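What follows is calculated from the coordinates using simple rules that are stated; it is not laboratory data. This one's a predicted model, so the numbers in the text were calculated from it and none came from an experiment. Ideal geometry is used to build each Cβ from the backbone, glycine not excepted, and the neighbour counts take in all protein chains shown.
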Amino acid sequence: MTPIIAPRTEQERRYNTIHTTTRSLVERCIGVLKRRFHCLHGEMRMHPEQVCTVIAACTVLHNICVTKRIPLPRQHHQPVPEEGIDPVDHAGHEDVGGRLVRTRIINAL
């Protein structure tokens, strides 16, 4: 789901705020996993089902590390910032059904 480009109603503005907050949280979580498990940094040349299994295993192992208070590894280099998805670039390519679902969610806020 994408943010509303030019929100007109309070519900659309609230949706954008929630969307931004959630996306930020998800990106931080992904960053923590990538910091702990270097295999998640690059391309994984496996079947999608295997990739899902690896990601799930990394998540479980990370949660075990958190429970046992095992710190994240130190970073020895500055990470290269990843490019975010610019909603303007993709606004014209949105699925109409997706926009309808998004509108229903916004109106329920």
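Using a cut-off of 13 Å between beta-carbons, work out the net charge of the residues near R74 (Lys and Arg +1, Asp and Glu -1, R74 not included). Please report the intermediate quantities before stating the final value.
On the way: positive: R35, R36; negative: none.
Local net charge: +2.
Any chance you could list P(r) for the range 1-73, counting all Cα-Cα pairs in 10 angstrom bins from zero, rounded to whole %?
The distribution over the range 1-73 is 17, 34, 25, 19, 5, given as percents.
L109 to E43: extension gain in nm, 0.36 nm per residue of separation minus the Cα-Cα distance? Numbers along the way, then the final one.
Details: separation 66, 0.36 × 66 = 23.76 nm, distance 3.76 nm.
Gain in length upon complete extension: 20.0 nm.
Can you put L33, L72 in order of Cβ neighbours within 10 angstrom, beginning with the fewest?
Values: L33 16, L72 12.
Ascending Cβ contact count within 10 Å gives the list L72, L33.
Working out 0.36 nm times the residue gap between L100 and I70, then minus their Cα-Cα distance, what length gain in nm do you get to one decimal?
On the way: separation 30, 0.36 × 30 = 10.80 nm, distance 4.42 nm.
Gain in length upon complete extension: 6.4 nm.
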